[in-house]
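To start, the structure under review is shown below, and the notes come after it.
The values are calculated or read from the model by the stated rules, or taken from the named source; none is laboratory data. These figures come from a predicted structure and were not determined experimentally. Reconstructed Cβ throughout: ideal geometry from the backbone, glycine too, with neighbour counts over all protein chains shown. These accessible areas exclude ligands, DNA and RNA; they are computed on the full protein's heavy atoms, side chains included. Shrake-Rupley method; radii C 1.70, N 1.55, O 1.52, S 1.80 Å.
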Amino acid sequence: MPSQSTAVALVTCLCAVGAAAQESRDAVPVSRTDTPLQIDGVLDDEAWQTAIAISDFTQTRPDQGAAPSEATEFRVLYDEDTLYVGVRCFDSTAPGGVLAREMRPDISPRGDDNVSIVLDANLDNRTGFFFRLGAAGGESEGLIEDNDLIGLEWDGLWDGKTSIDDEGWSAEFAIPLATIVFDPEQPTWGINVSRTIGRLDETIRWRNAQRGRDFSELSRAGRISGIEGLEAGGGLRFSPFLTVDTNLDSGDIDTDLGFDLFYRITPTIETSVTVNTDFAETEIDDRVVNLTRFPVFFPEQRDFFLEQSGIFEFGGIGRSPLPFFSRRIGIVDGEERGILAGLRVTGEHAGTRFGAINVQMDESDELGNKNLSALRIVRPILGESNAGLILTNGDPTQRGNNTLVGADFNYRRSADTADGLTWTGSAYVQATTTDTTGQDNDNSDTTALGGRFRAQAPLYRFDHGFARIGENYDPALGFVQRRGVWEFFGGGARTFVYDNEGGWLNETIRETELSVRHNTFLLDTGEPDTSEIEIEYDIDTRSDDRFSINIFYEHENLEEPFEIVDGVELPTGRYNTGGTTASFNTSNAREISIDGRTTARTFFNGSRFDYEVGAEWRPGPQFFAEGRFEFRDIKTDQGDFVVRIATGRASVQLSPEWNISSTIQYDSLSDEVGINARMRYEFRPGQELFVVLNEGLDVDEGEFQSLESQIIFKLGLTFQF
């Protein structure tokens, strides 16, 4: 129907012009349906035809404020227990021009056409939910805390389907009300819809279309109204699981039963219980060779700890000094330890958000009986800002106990700034107390404090902050890289956007960015420990290829010898080093995309040359393959060595519900190969079967010797009432 597509495009263009000047905050009324919809990605149910079509989208990038290149419209319906969102994405090049190569769940559909929505079902302008469908059908979902999307690890139960036709493609979302937290007395919800047109690298939004603002900013989302008579069900979700772990070397078989139980005490308060917790299906960590003096930060990947984890974010701290880092629970020195049971309560009451977690570890001769807990309370103040407290108790790594208390203030101002400028800031203070059995504990200088300030607009940003970490600051349930130091950090960036006119350069380059970053650590004596400064220039082309050049300088002060690898110990002293990095990555809209990076630099009292190359192949939604190789050639006065790391990944997606994937990793320092293969079949939402193979091989001198060989079967069911 070309006439309909043309008419919708004309209406969209006219609406976009008005939206570029001022986005309406008027609520759009939505309709109720008495008949559950058939979720198949085809918006042909009769109820869809009676719902209001919303089509006033605006470009966010590449040309902020411009009319979309293709028309888009969405509709919203609801019944007593489900919210439905249908999005129609017109495309003049369909079906061939619709990029749909990524079907895997919880994966960013880079380069693909996709549609995202955010929901603020409490209308608190702070917390909500994120849902996304790629054109190939891949689903992603996440939680929003304080207007920030905290990740895609949350696994809420919902259903989504897509379909591609001659006019474009469509996406259909069905979100059970039992999955989300909402206020049944609130008839108006916040919502926003975003579409990415893959072949154009174009993003359009219904509201909050300024490029300097995150899509997750619920304070600037649109509104829908007329939502009444909702039922959230009994608020009970029961997820039992069975695990069978077979050691292929010894033939030993271990069978475990456990369960997770989720109960919504009130519409805004949920409690979760886990018993005999098992994480057999969790993806393995990337292999890392650490050539620094400081511990490596590995992200949390276990579902129980990832759900509702945003409430425990504190003081705007990214990695260090974190007061609470859930990976400390159940993992000691890189090895998993048994968890007997865990309890988590999260929610909101009278405007105050809170989260509490308590975990009982399996008793061991080494550590004894370990009970670990954390409590977080956050109170909104000053519009979009908040203030909070945190408390942790327990030491997962040694006998005895450890306690941390902290307070923070987080400032944000964005909702009333029409120019796209967002101001954020934070300040925090923490203190720890350690009581280790049989040892004398020095509980002096156990504080950590800091703050930062950030201003971000569509074409520039500025960030600066500081921290002071005490010599004996010890967050046993947190993460800290350095102690006894002052840290000063910051940077700024300016983006330059080029019109698609005026010669070859403007027709080739879409935008460039010049950025400067610095980071300095001073010892309490005032002596420098580490100083870093770097200048980077990035070029983004209109074909979505990216090129970067980075120049950096570093100062390292070794107050004691540092053994960088076995047999190579760098002596004490002050070292000034620097170098240059050049990198590139081609557009993910292509079937094959490649990236590379090379660095030439001085390194302590020697030199270092690195390069890394990777390639991804996405011939279609059913198959994905990636290969990556890293090489580091290091020469010092104390010895030379080479590090090689190779990684291969492949995934076969038989359907959105059925996936087979494998990862192979190797590094030359350990001379070990790790293999992880995983099959996941979700035969109904929340009903999953996993088969996992883990294999470790010692390949020293070309001989393959098994270090670990196991196969795990896990069946997980979910019953929601």
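Here the accessible area of segment 94-186 is 45 percent carbon and sulfur, with a 1.4 angstrom probe and all protein chains present. Among the GluC sites (Glu not before Pro) in segment 425-534, those placed in a DSSP loop whose Cβ has at most 11 other Cβ atoms within 10 Å are Glu501. Summary value for the chain: 9 percent relative contact order, contacts being C-alpha pairs under 8 angstrom separated by 6+ residues. From the Cα gyration tensor of segment 83-151, with a ≥ b ≥ c the square roots of its eigenvalues, which class applies: rounded if a/c is under 1.5, or else prolate if a/b is larger than b/c, or else oblate? Prolate shape, in that a/c is at least 1.5 and a/b is the bigger ratio. For segment 492-558, the dipole from Cβ point charges (+1 on Lys and Arg, -1 on Asp and Glu) about the Cα centre works out to 220 debye, to the nearest 20. Label positions at Leu391 and Asp463, each projected 7 Å from the Cα along the C-beta direction, are separated by 3.3 nm. With the charge dipole of the chain set up from +1 on Lys and Arg Cβ and -1 on Asp and Glu Cβ about the Cα centre, the Cα lying farthest toward the positive end among the listed residues Phe631, Val480, Ile164 is that of Ile164.
Segment 250-312 and segment 48-97 have Cα centres spaced 36 Å apart. If I take every Cα pair under 8 Å that is 6 or more residues apart in segment 541-679, average their sequence separation and divide by the length, what percent do I get for the relative contact order? Relative contact order, segment 541-679: 14 percent. When all protein chains stay in place and ligands, DNA and RNA are ignored, the 1.4 Å accessible-area order of Ile594, Ile253, largest first, is Ile253, Ile594.
Surface composition of segment 455-583: carbon plus sulfur atoms hold 53% of the accessible area, using a 1.4 angstrom probe and ignoring ligands, DNA and RNA. What shape does segment 113-271 have by the C-alpha gyration tensor, where a ≥ b ≥ c are the square roots of the eigenvalues, rounded means a/c under 1.5, and otherwise prolate means a/b greater than b/c and oblate the rest? Oblate, since a/c reaches 1.5 and b/c is not below a/b. Extension gain for the segment Ala455 to Thr433, taken as residue separation times 0.36 nm less the Cα-Cα distance, is 4.4 nm to one decimal. Within the accessible area of segment 324-394, the carbon and sulfur atoms contribute 54%, probe 1.4 Å, all protein chains present.
Dipole size of the chain about its Cα centre, with +1 on Lys/Arg Cβ and -1 on Asp/Glu Cβ: approximately 2140 debye, rounded to the nearest 20. Here are some values of Cα Rg over 2.2 N^0.38 Å: [x] 0.99; [y] 1.20; [z] 1.11. Which one was computed from this structure? It is the value labelled [x]. Within straight cross-link reach of Lys370, meaning Cα distance under 28 Å, which lysines are found once same-chain residues fewer than 8 apart are removed? Qualifying lysines at Cα under 28 Å: Lys714. Note on exposure: Lys635, Lys714, Lys161 ranked by accessible area (1.4 Å probe, complete protein assembly) read Lys635, Lys161, Lys714, with the most exposed listed first. Of the chymotrypsin sites (Phe, Trp or Tyr not before Pro) in segment 659-689, not one is in a loop by DSSP (not H, G, I, E or B) with at most 16 other beta carbons within 10 Å.
Across the options Val289, Gln38, Tyr498, the greatest Cα extent toward the positive end of the charge dipole of the chain (unit charges at beta carbon of Lys, Arg, Asp, Glu) belongs to Tyr498. With a Förster radius of 35 Å applied to the beta-carbon distance between Glu283 and Phe609, the computed FRET efficiency rounds to 0.65. Taking all protein chains together, Arg574, Arg32, Arg412, Arg213 sort by accessible area into Arg574, Arg32, Arg412, Arg213, largest first [probe 1.4 Å]. To the nearest 10, the accessible area of Tyr537 is 80 Å² with a 1.4 Å probe.
Toward the positive end of the charge dipole of segment 660-721, with +1 on the Cβ of Lys and Arg and -1 on the Cβ of Asp and Glu, the farthest Cα among Val691, Gly674, Leu715 is that of Leu715. Each part reduced to its alpha carbon centroid, segment 356-410 and segment 192-223 end up 36 Å apart. Asp254 sits among other residues whose Cβ lies under 11 Å from its own Cβ, and their net charge, with Lys and Arg +1 and Asp and Glu -1, is -4. Once you order the gyration tensor axes a ≥ b ≥ c over the Cα atoms, which shape class does segment 343-425 get: rounded for a/c under 1.5, otherwise prolate or oblate by comparing a/b with b/c? It is prolate, given that a/c is not under 1.5 and a/b is the larger ratio. Summed over the residues of the chain and divided among them, the accessible surface reaches 44 Å² per residue at a probe radius of 1.4 Å. Pairs of alpha-carbon atoms within less than 8 angstrom and 6+ residues apart define the contacts here; what relative contact order does segment 308-443 have, in percent? It rounds to 18 percent for segment 308-443. As a calculated quantity, the FRET efficiency between Thr255 and Glu228 at R0 = 41 Å, using C-beta atoms, amounts to about 0.25.
For Lys161, a cut-off of 16 angstrom between C-alpha atoms picks up these aspartates and glutamates, skipping any fewer than 8 places away in its own chain: Asp40, Asp44, Asp45, Glu102, Asp106, Asp112, Asp113, Glu139, Glu141, Glu172, Glu657, Glu682.
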